[in-house]
Amino acid sequence: MCTVIVRVPAAADEPVRMLAVRDEDPARPWQPLGEWWPEQPEVIGVRDVRAGGAWLAADAADGTLAVLLNRESPPVPEGMTQISRGGIVLDAVAGRLPHPTPAVLGFNLVTVDEAGVRVMMWDGASVRTVPVPPGTHMIAHHDLDDVRSPRIVAWRDAFAAADADEWMSVLERSAQLEPSDDRAIIRDNNAHGYPTQSLLLCTALVGPSGVDVRYAELARPGQWNPVRLAGPVAPA
């Protein structure tokens, strides 16, 4: 149940700005923002240890960034082996479009590159890709700016009204809600039957001057604390 806020500028010489919050099972290990893929040496990202792919990744050389959010979808059909979504983000930053089948659970893929910002939405049956127009937008586990997501109804206008440098303050205000509240961005989804909690966040600038991605982890899953954003770590 991740959340992404993205601001698309009207002018081509201004950067796209993004704030992405990751919700995942705390027992599922990950590696922080870094260079984890020798086959893609220009790529930095947050690596999922189990699947080997990325939740969010960027290629500074190509000026691309992609992030994956889970989307509501039916389960994989009986008798079909589920295929991991782990490589989708790495393919996206390499310019390779995913071609999901019913063996892949639903996802929303947000991609930023020289062509602009777009969202690919897979619901287990069909794929739709929509361009993201200038302005401030939010996406979670439904469509872009979808009012079926209460957190979008509650907070999109606040992010739109704030300068991007103030988005962390808006996020902190949102965390005054209980993490099980449908309007919360910093979340604990256990009450809704999912073992996922907000674990970390990234901010990003993607524009003519390059890609700048910063990373921070929450001290306790599903609970807000002031964070210090930092750049990629060096692999051990």
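In whole Å, how far is the Cα centre of segment 125-145 from that of segment 2-47?
About 17 Å separates the Cα centre of segment 125-145 from the one of segment 2-47.
If contacts are Cα pairs under 8 angstrom and at least 6 residues apart, what is the relative contact order of segment 123-211 in percent?
15
As an exercise, use a Förster radius of 45 Å and the Cβ-Cβ distance of residue 176 and residue 78 to find the FRET efficiency, rounded to the nearest 0.05.
0.55
Normalising by the residue count of the chain, find the relative contact order in percent from Cα pairs under 8 Å and 6+ residues apart.
23
Decide, for segment 22-157, between rounded, prolate and oblate: order the square roots of the alpha carbon gyration tensor eigenvalues as a ≥ b ≥ c, take rounded if a/c falls under 1.5, and otherwise choose prolate if a/b is larger than b/c, else oblate.
In terms of gyration-tensor shape, rounded.
If we count every other residue with Cβ under 11 angstrom of residue 208's Cβ, Lys/Arg +1 and Asp/Glu -1, where does the sum land?
Here the count lands on -3.
Can you classify the chain as rounded, prolate or oblate using the Cα gyration tensor, where a ≥ b ≥ c are the square roots of its eigenvalues, rounded means a/c under 1.5, and otherwise it's prolate if a/b beats b/c and oblate if not?
Cα axes put the chain in the rounded bin.
What does the C-alpha gyration tensor say about the overall shape of segment 82-197? Classify as rounded when a/c is under 1.5, otherwise prolate if a/b is larger than b/c, or oblate.
It comes out oblate by the Cα gyration axes.
Read-outs throughout are calculated quantities, based only on the coordinates presented, and are distinct from any laboratory measurement. Predicted, not measured: the structure shown is a model, and the values here were computed from it. Counting neighbours? That spans all protein chains shown, and the Cβs are built from the backbone with ideal geometry, glycine included.
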